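Below is one structure, written out as structure tokens; the observations come after it.
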Amino acid sequence: MFGRVGKYRNIFLVWLIWPLITLGIYHLVWYYKVNREARDFDQRIEVEPAVSVIAITLGWFLIIPPFISVYNTGQRIARMQRAAGMESSCNPWIGLILMIVAGLHPLYYQYELNRIWEHYQNPAEGEQVALAA
């Protein structure tokens, strides 16, 4: 089984710089891309990236959906790590706590994603790689 590699990103740019420059728009784009990368990396991971973005934006009206979405994204990253043949180090509970603490979850989640791409020696974005059984 094969999957497509996502983009290696600077964790501080993802967490602080780009969202500040774009007045928060970059965070939504990043969140969409991370969830799309999960789906493209391992086809067994079922996710609709647009629904994930809606959950963290309009979902605030219902209070609960953003928390569920951030937790589920952490689970997806952990599944990606296992699919890459790595030990799963991404903990969705830590992501959820960091979301509450100054929105630090992008920093943590991007760090964990970068570990996957480093495992494959940083191939080009979109390149096919073999997944573990």
Answer yes or no: is there a residue in segment 81-92 that is within 18 Å of residue 7 (Cβ to Cβ), basic (Lys, Arg) and either modelled with pLDDT of 95 or more or not in a helix (DSSP H, G or I) (or both).
no
Do we have any residue at all in segment 40-50 that's farther than 18 Å from residue 130 by Cα, surrounded by 14 or more Cβ atoms within 10 Å (Cβ to Cβ) and either at pLDDT 95 or above or of a type outside the set (Gly, Ala, Ser) (or both)?
yes
Taking helices (runs of 4 or more DSSP H) that fall entirely within segment 4-75, which contain at least 1 residues that are in contact with a helix residue (DSSP H, G or I) (Cβ under 8 Å, 6 or more places away or on another chain) and more than 17 Å from residue 111 (Cβ to Cβ)?
25-41, 49-57
As an exercise: evaluate residue 84 against (1) surrounded by 14 or more Cβ atoms within 10 Å (Cβ to Cβ); (2) over 19 Å from residue 41 (Cα atoms); (3) free of Cβ contacts under 8 Å to residues at least 60 places away in the same chain; (4) not hydroxyl-bearing (Ser, Thr, Tyr) and give the number of the one condition it does not meet.
(2)
Give the residue, chosen from 62, 113, that is hydrophobic (A, V, I, L, M, F, W, C) and within 20 Å of residue 13 (Cα to Cα).
113
Restricting attention to segment 87-99, the residues that are touching a residue at least 12 places away in the same chain (Cβ under 8 Å), of a type outside the set (A, V, I, L, M, F, W, C) and either farther than 19 Å from residue 15 by Cβ or surrounded by 18 or more Cβ atoms within 10 Å (Cβ to Cβ) (or both) number exactly 2
Residue match in segment 104-112 (condition: surrounded by fewer than 16 Cβ atoms within 10 Å (Cβ to Cβ) and over 11 Å from the mean Cα position of the chain (by Cα)):
no
Is it the case that segment 117-129 has a residue that's part of a helix (DSSP H, G or I), surrounded by 14 or more Cβ atoms within 10 Å (Cβ to Cβ), among the charged types (D, E, K, R) and in contact (Cβ under 8 Å) with a residue 12 or more places away in the chain?
no
Looking at 102, 133 in this structure, which one is touching a residue at least 60 places away in the same chain (Cβ under 8 Å), farther than 14 Å from residue 7 by Cβ and out of contact with any Asp or Glu (no Cβ under 9 Å at 6 or more places or on another chain)?
133
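The values are calculated or read from the model by the stated rules, or taken from the named source; none is laboratory data. Computed from a prediction, not measured in an experiment: that's the story for all the values here. When we count neighbours, we look across all protein chains shown, and the Cβ atoms used for this are built from the backbone with ideal geometry, even at glycine.
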